[in-house]
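Beneath this line is the structure, given in structure tokens, with notes to follow.
The values are calculated or read from the model by the stated rules, or taken from the named source; none is laboratory data. Here the structure is a predicted model, which means the values were calculated and not measured. Counting neighbours? That spans all protein chains shown, and the Cβs are built from the backbone with ideal geometry, glycine included.
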Amino acid sequence: MQRTNWFDRKFSPITDNGLFPTILERLEGTPARLTDKINRMQHNLTLSLNGKWSIQKEVGHLIDLEPLWRDRALQIIDNQSNLIAADLTNRKTHETDYDSMDMAALLAQFSALRSDLMAVLRSATNEDLEKAAIHPRLGTPMKLIDLAYFVAEHDDHHLAQMTLLSGNN
């Protein structure tokens, strides 16, 4: 099956803020799902095929983006009009030698960074949930619920890629 490229994805606004707690559960569960996935693999984590990132570098990429997600959430809460742009070249991920790092340390780092994001999202008031800022690439308004869903989808996009890389597709 042909996977949709991340940058080809479109995201419709979510109008029901009542879905926010469910999306937060999904986000909060990503570190546990990731750890379980990695523990079941435990081989070829640093193998790169066809110019794609290794499984370990995929984990590094998730780490690299956590500060962006947190900063964007804070921007929405602060009622800023535009969200900061991501580095669409993923330079940090390409330049960091995640394959030489300890996987347990990477998983712990991701978990800690995700906890920081969750603290920001869980602190949001009902008023905060109504605020929006323009997403720089999509050009659409993004509320906290939209950002949370976007991040959850990004997580799953990379978890699915790890599954493909492991040969368990």
Those residues of region 46-58 which are assigned to a loop (DSSP other than H, G, I, E, B) and buried (at least 20 other Cβ atoms within 10 Å of the Cβ), in sequence order: Trp53
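Per-residue answers, yes or no, for (1) crowded, with 19+ Cβ neighbours inside 10 Å; (2) in contact with an Asp or Glu (Cβ under 8 Å, 6 or more places away or on another chain); (3) at positive phi; (4) free of Cβ contacts under 8 Å to residues at least 40 places away in the same chain:
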site	(1), (2), (3), (4)
Ser111	no, no, no, no
Asn126	no, no, no, no
Pro136	no, no, no, no
Met142	yes, no, no, no
Ala148	yes, no, no, no
His154	no, no, no, no
Gln161	no, yes, no, no
Ser166	no, no, no, no
Does region 143-155 include one or more residues that are over 12 Å from the mean Cα position of the chain (by Cα), of a type in the set (A, V, I, L, M, F, W, C) and at pLDDT 95 or above? yes
Does region 79-99 hold any residues that are in a helix (DSSP H, G or I), within 14 Å of Val59 (Cβ to Cβ) and free of Cβ contacts under 8 Å to residues at least 40 places away in the same chain, and which are they? Lys92
Do we find that Gln109 is out of contact with any helix residue (DSSP H, G or I) (no Cβ under 7 Å at 6 or more places or on another chain) and not basic (Lys, Arg) in this structure? no
Exactly one of Arg114, Arg40, Arg70 is at pLDDT below 95 and assigned to a helix (DSSP H, G or I), and that residue is Arg40
Flag if Ser115 is surrounded by fewer than 12 Cβ atoms within 10 Å (Cβ to Cβ) and either free of Cβ contacts under 8 Å to residues at least 40 places away in the same chain or under 25 Å from Phe20 (Cβ atoms) (or both): no
Could you run through region 59-92 and say how many residues are surrounded by 18 or more Cβ atoms within 10 Å (Cβ to Cβ) and among the small types (Gly, Ala, Ser)? 2
